[in-house]
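Chemist: There's a structure below that I have some questions on.
The values are calculated or read from the model by the stated rules, or taken from the named source; none is laboratory data. Please read these numbers as outputs of a predicted model, since none were measured by experiment. Cβ placement follows ideal geometry from the backbone for every residue including glycine, while neighbour counts extend to all protein chains displayed.
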Amino acid sequence: MARIAHIAVKLEDLEPSLQFYEKALGFTPTGKSRSEDRSRGSFSDGEINLTLLRYDHEDAEHARAAGTGPCIHHFAIEVDDVAKYVARVREFGCEILSDPNKVPVKFRAPGGTIAEIVPVGRYRKGRE
């Protein structure tokens, strides 16, 4: 059966994003690397991997493929305590984009991407 292996997110600034996903959300760092035109940091939550990409130039071939600026509309993060994680993202200076008392709670993460916090079980595979 197929499953999501990773979500790749193109960012404007890699280092604050690496700190955020590890410290605020508790994702496990799985690697950091540099290729010809980009830097990369990877994480896992134990099931799905997240790759953060920072291109040296917006006109790099792979950077253009995803469009200009930070890319991915949003991705959902399941948590056991929504209020606790909303507080954590605020501690990192993230902009809350939706009503923080109503799930999903959307926010702009470091690097400019949009994510949402949802309780465990909110989304089930095949029903999203």
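Chemist: Taking the residues in the stretch 22-40 that are more than 15 Å from the chain's Cα centre (by Cα) and part of a strand (DSSP E or B) as candidates, determine which candidate is farthest from Lys10 (Cα to Cα). Please lay out each step first, then the result.
Modeler: Filtering the stretch 22-40 for residues more than 15 Å from the chain's Cα centre (by Cα) gives 31-39.
Those left that are additionally part of a strand (DSSP E or B): 31-34, 38-39.
On the way: Gly31: 16, Lys32: 15, Ser33: 15, Arg34: 14, Arg38: 10, Ser39: 10 Å.
Of everything passing the filter in the stretch 22-40, Gly31 is farthest from Lys10 (Cα to Cα).
Residues checked against (1) in a helix (DSSP H, G or I); (2) surrounded by fewer than 19 Cβ atoms within 10 Å (Cβ to Cβ); (3) of a type outside the set (A, V, I, L, M, F, W, C); (4) within 13 Å of the chain's Cα centre (by Cα):
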site: Phe20; (1), (2), (3), (4): yes, no, no, yes
site: Phe43; (1), (2), (3), (4): no, no, no, yes
site: Leu53; (1), (2), (3), (4): no, no, no, yes
site: Thr68; (1), (2), (3), (4): no, yes, yes, no
site: Pro110; (1), (2), (3), (4): no, no, yes, yes
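Chemist: Pull up the stretch 77-108, narrow it to residues that are of a type outside the set (Val, Ile, Thr) and assigned to a helix (DSSP H, G or I), then point me to the one that is farthest from Gly41 (Cα to Cα). Outline the logic, then answer.
Modeler: Applying the first criterion (of a type outside the set (Val, Ile, Thr)) to the stretch 77-108 yields 78, 80-81, 83-85, 87-88, 90-95, 97-102, 104, 106-108.
If we keep only those that are assigned to a helix (DSSP H, G or I) as well, we get 83-85, 87-88, 90-91.
Values: Ala83: 27, Lys84: 25, Tyr85: 22, Ala87: 24, Arg88: 21, Arg90: 22, Glu91: 22 Å.
Among them, the one singled out is Ala83.
Chemist: Among all residue pairs at least 6 apart or on different chains, which show Cβ distances below 8 Å where the first residue, located in the stretch 113-126, is under 18 Å from Ile7 (Cα atoms) and the second is in a strand (DSSP E or B) and at pLDDT below 80?
Modeler: Final answer for the pair search is Thr113/Cys71.
Chemist: Select from the stretch 21-65 the residues that are in contact with a helix residue (DSSP H, G or I) (Cβ under 6 Å, 6 or more places away or on another chain), of a type in the set (Gly, Ala, Ser) and under 24 Å from Lys84 (Cα atoms) and list them in ascending order.
Modeler: Just the residues of the stretch 21-65 that are in contact with a helix residue (DSSP H, G or I) (Cβ under 6 Å, 6 or more places away or on another chain), to begin with: 24, 27, 29, 39, 41, 43, 52, 54-55.
Going one step further and asking which of them are of a type in the set (Gly, Ala, Ser), we end up with 24, 39, 41.
Matches in the stretch 21-65: Ala24 only.
Chemist: Can you work out which of the residues in the stretch 70-108 that are touching a residue at least 60 places away in the same chain (Cβ under 8 Å) and of a type in the set (A, V, I, L, M) is surrounded by the fewest Cβ atoms within 10 Å (Cβ to Cβ)?
Modeler: So, considering only residues that are touching a residue at least 60 places away in the same chain (Cβ under 8 Å) and of a type in the set (A, V, I, L, M), the one surrounded by the fewest Cβ atoms within 10 Å (Cβ to Cβ) is Ile72.
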